[in-house]
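Heads up, the thing below is written out as structure tokens.
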Amino acid sequence: MLASFMASLVEFVEALAIVLAVGVTQGWRSALLGTAAGVVVLLTLVVALGRSLSAMPLPLVQFVVASCC
């Protein structure tokens, strides 16, 4: 559990660094709008798909994520 928490903390710090960098270089409005849009998309996916996310085969999810990003 500690390893998962630490990995999540690292990801949070990386995301915060990106938001801060965009805020400083492009302006805070665009940085905060991008952050809000990302949160809305994430919440929409979690609410819309809910428990069906755990029924999806992990290799398929990994393939889709890897091919998109």
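Just so you know, all these numbers are worked out from the coordinates, no wet-lab data involved. None of the values given here were measured: they were computed from a predicted structure. With ideal geometry, Cβ positions are generated from the backbone for all residues, glycine too; neighbour counts draw on all protein chains shown.
List the DSSP H helices in the chain whose Cα atoms stretch 24 Å or more along the helix axis and whose mean Kyte-Doolittle hydropathy is at least 0.0.
Counting only whole DSSP H runs, the qualifying helices are 2-26, 28-49.
Using 0.36 nm times the number of residues separating Phe5 and Ser54, minus their current alpha carbon distance, what extension gain do you get? Could the numbers behind the result be given before it?
Values: separation 49, 0.36 × 49 = 17.64 nm, distance 1.98 nm.
Going from the current span to full extension adds 15.7 nm.
Listing Ser30, Ser67 from the residue with the fewest other Cβ atoms within 10 Å to the one with the most, what is the order?
Ser67, Ser30
Using 11 Å as the cut-off for backbone N distance, which residues of segment 1-16 belong to the label zone defined by a point 7 Å from the Cα of Thr35 along Cα→Cβ?
Correct set: 15-16.
What per residue convex hull volume, in Å³, do the alpha-carbon atoms of segment 10-52 yield?
Hull volume normalised by residue count: 57 Å³.
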